Amino acid sequence: MAAGATTAVSVEERGGSRLSAAALIGPATFIVAAGLLIPILILFRYSLDLYEARRFVVEGYTLANYIKFFSDDYYLGVFYTTVKIALLCTFACLILGFPLAYALARTRTRFKNILIMLVVLPLFVGNAVRAAGWMTLLGSRGMINAGLIGFGIVDEPVEMMFTEGAVIVGIIAVNLPFMVLTLQSVIESIDRAVEEAAFSLGAGPWHMFWRVLWPLALPGIIAGVILTFILGMNAYATPVLLGGPEFKMLAPLVFGQMQLGNWPFGAAVSFILMTTTLVLTATSGYLMHKRYRR
Amino acid sequence: MTGLMGLDRRVIGRWALTAAAALTMLYILLPLVSVIWLSFYRQEIPSFPPEGYSVHWYGVIAGNQRFVDGLLLSVQLGVSATAIGLAVGVPAALCLSRFRFPGREALNNVLLLPLMVPGVVLGTALYVFHVEAEIATGGNLPIIGSTLGLLSGHVLVVIPWIVRLVLASLAGFDRTLEEAAMNLGADRWTTFRRITMPGILPGVVAGAMFGFVASFGNLEMSLFLVGPGRTTLPIAILQYLEWKIDPSIAAVSVVQIVLIGAAMLITDRFVKISRVV
């Protein structure tokens with residue numbers, strides 16, 4: 001009710017406005033600060049502790065967990081796999097997503113809303129459900145193998161489940177809608193007349209794309225690339241279900257370590273995951289801005 | 001001549017573009033189509049082509065307590081988290097759009113933060129926080145694995161969606177309408193109820209839907225927060241799939257697809273989804 005009583009307070013009315021502003025935003029800020037920032041600080045504190053099998057968590061101020069991660073070939077391998085897959089999937093999403101985003105932005109059919117909902121629906125049904133779909137398709141007796149054998153392309157079923165390829169195919173499908181929707185909204189805001197102008201000045205479609213559309217869509221491209229990269233880095237369900245128990249990326253590694261009870265190391269890997277994601281997205285955003293700012 | 005060739009290239013370009021767009025669409029939808037297909041197989045083993053088709057797996061899952069309980073818990077969590085999210089998120093968005101104060105931009109970012117933090121990190125952080133909180137209260141309050149702990153996590157996930165989408169619809173709202181209402185003698189509460197609320201309703205509905213879906217589908221964070229014997233639907237699906245895939249889990253997936261599709265269609269009646277995503 002306090003919300004309603006204070007909404008109409010105009011900016012000019014200084015008296016009491018500070019109080020009502022605080023009353024409006026206070027509860028949400030409290031929930032996020034207490035529920036997110038404090039837990040993350042506690043998690044960071046844990047990452048400086050030590051773990052001993054018999055005594056569980058031993059308080060300390062040490063970087064041992066971080067050093068352990070970066071000096072162990074197994075964990076470094078998990079790290080490289082994660083970054084590699086995230087980069088690859090982001091690149092694939094950009095190439096595959098752009099044509100669909102453009103078509104959706106420029107279509108004049110009355111089915112546009114339905115088409116967009118068909119892109120949003122997979123995004124909303126969750127990663128586990130979509131992984132189930134890929135398991136149906138990629139299994140040794142699944143649809144793709146049945147098709148390959150049926151057409152005589154192979155004699156024996158191809159082992160596709162529990163491979164890095166399956167994880168990549170799955171993550172691209174998971175992240176594509178995010179890329180398509182981000183690009184579509186920015187392309188929609190670009191005036192069609194500039195494309196026509198490029199064409200009437202003699203540019204071919206390829207030239208028009210590189211010289212007009214790409215630079216104008218760049219803010220959306222950067223946003224989409226950053227979003228899909230973050231999602232790729234943090235993928236959990238897809239690597240667990242399509243990669244199998246042997247395949248490890250960083251997010252499943254965090255969960256595994258926490259389950260084993262090694263909280264300090266799990267906390268450290270959490271921070272490595274978060275920091276790497278932030279640093280790489282900040283750098284790529286900066287570089288792309290710089291490269292294309294003319 | 002060149003003009004004609006230019007036109008040809010444009011026609012070819014358009015066809016290539018449409019084909020590429022259609023392929024990407026197919027790629028996005030393929031897993032959903034295949035899981036729906038699997039749910040109608042007659043035999044249990046998911047080998048293609050199926051021996052026949054049947055709907056009996058839908059009956060099988062209705063008798064599976066794990067899935068039914070998971071669905072109920074997920075719906076309860078989603079509805080409660082969205083309600084709380086609306087109660088705190090809509091006022092917060094109003095404050096951010098109406099007042100200019102130092103630190104406003106920072107506060108805005110703080111409220112969007114739960115979207116930025118990876119689900120696994122969020123889950124880990126909340127888990128250790130719950131453990132610390134239970135230790136701090138002397139173990140008198142059961143926090144670890146409690147429904148309340150799970151709900152507080154889901155509220156966190158919902159808030160950014162509501163703040164973001166309500167804020168977006170407030171940006172396009174004409175404030176002179178409010179002044180007109182007040183000049184005509186309406187008090188602030190009436191003005192909010194009769195003028196502001198209808199104006200920002202599309203953003204509120206969209207925020208509520210996105211928030212609900214974010215909560216309903218949340219997997220990574222919830223994995224850390226569920227208690228023994230109580231799981232949400234996405235976790236139940238994940239754990240089953242880690243063990244095996246068969247038409248019954250496909251049927252569960254289809255139930256989730258239908259529920260979310262229905263939520264989208266209902267929302268679409270209030271606000272065109274193509275305008276808010």
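The values are calculated or read from the model by the stated rules, or taken from the named source; none is laboratory data. Values in this document were obtained by computation on a predicted structure and should not be read as measured data. Backbone-built Cβ (ideal geometry, glycine too); neighbour counts: all protein chains shown.
For this structure, a couple of remarks:
- Lone qualifier among A:Met208, A:Met288 - being within 13 Å of chain B (Cβ to nearest Cβ) and in a helix (DSSP H, G or I): A:Met208
- Where a residue in segment A:30-42 is facing chain B (nearest Cβ under 7 Å) and its partner, wherever it lies, is outside any helix (DSSP H, G or I), with Cβ under 9 Å and at least six apart: A:Leu36/B:Val117; A:Ile40/B:Val117
- Candidates A:Tyr75, A:Tyr46 - the one that is of a type in the set (Phe, Trp, Tyr), out of contact with any Asp or Glu (no Cβ under 7 Å at 6 or more places or on another chain), modelled with pLDDT under 95 and surrounded by 17 or more Cβ atoms within 10 Å (Cβ to Cβ): A:Tyr46
- Residue that is modelled with the highest pLDDT [pool: residues in segment A:120-134 that are under 9 Å from B:Ser34 (Cα atoms) and either of a type in the set (A, V, I, L, M, F, W, C) or not assigned by TED's automatic domain parsing to the domain that holds A:Ile172 (or both)]: A:Trp134
- Unmet requirement for A:Ala223, which otherwise passes all of (1) out of contact with any Ser or Thr (no Cβ under 9 Å at 6 or more places or on another chain); (2) part of a helix (DSSP H, G or I); (3) at pLDDT below 85: (1)
- Of everything listed in (1) without any contact (Cβ under 8 Å) to a residue 40 or more places away in the chain; (2) within 11 Å of another protein chain (Cβ to nearest Cβ); (3) within 23 Å of B:Val271 (Cβ to Cβ), the single unmet condition for B:Val157 is (1).
- Looking at segment B:232-277, the helices (runs of 4 or more DSSP H) lying wholly inside it that each contain 3 or more residues that are more than 17 Å from B:Val79 (Cβ to Cβ) and facing another protein chain (nearest Cβ under 7 Å) sit at B:233-243, B:247-270.
- Single condition A:Ala3 does not satisfy, out of (1) at the interface with chain B (Cβ under 9 Å from one of its Cβ atoms); (2) at pLDDT 90 or above: (2)
- Annotation: of all residues in segment A:43-55 being in contact with a helix residue (DSSP H, G or I) (Cβ under 8 Å, 6 or more places away or on another chain) and not in a helix (DSSP H, G or I), the one that is nearest to the other protein chains (Cβ to nearest Cβ) is A:Asp49.
- All positions within segment B:117-142 that are more than 12 Å from every other protein chain (Cβ to nearest Cβ) and of a type outside the set (S, T, N, Q): B:Glu134, B:Gly138, B:Gly139, B:Leu141, B:Pro142
- Options A:Phe255, A:Phe247, A:Phe271; residue that is outside any helix (DSSP H, G or I), among the aromatic types (Phe, Trp, Tyr), in contact with a Phe, Trp or Tyr (Cβ under 9 Å, 6 or more places away or on another chain) and farther than 30 Å from A:Met117 by Cβ: A:Phe247
- In segment B:88-104, the count of residues that are more than 7 Å from chain A (Cβ to nearest Cβ), touching a residue at least 12 places away in the same chain (Cβ under 8 Å), farther than 30 Å from A:Leu253 by Cβ and within 20 Å of the chain's Cα centre (by Cα) is one or more.
- Within segment A:234-281, if we keep just the residues that are among the small types (Gly, Ala, Ser) and over 19 Å from A:Arg130 (Cα atoms), the residue that is surrounded by the fewest Cβ atoms within 10 Å (Cβ to Cβ) turns out to be A:Gly261.
- Qualifying positions in segment A:155-208 - under 30 Å from A:Tyr236 (Cβ atoms) and of a type in the set (Phe, Trp, Tyr): A:Phe162, A:Phe178
- Conditions (1) within 21 Å of A:Arg141 (Cβ to Cβ); (2) touching a residue at least 12 places away in the same chain (Cβ under 8 Å); (3) charged (D, E, K, R): number failed by B:Asp69: (1)
- Residue in segment A:230-275 that is modelled with the highest pLDDT, counting only those that are farther than 17 Å from B:Glu220 by Cα and within 18 Å of the chain's Cα centre (by Cα): A:Ile272
- Test: residue in segment A:178-191 that is buried (at least 22 other Cβ atoms within 10 Å of the Cβ) and small (Gly, Ala, Ser): no
- Considering residues of segment A:204-233 that are small (Gly, Ala, Ser) and crowded, with 18+ Cβ neighbours inside 10 Å only, the residue farthest from A:Val167 (Cα to Cα): A:Ala217
- Among the criteria (1) facing chain A (nearest Cβ under 9 Å); (2) over 19 Å from the mean Cα position of the chain (by Cα); (3) touching a residue at least 40 places away in the same chain (Cβ under 8 Å), the one B:Gly145 does not fulfil is (1).
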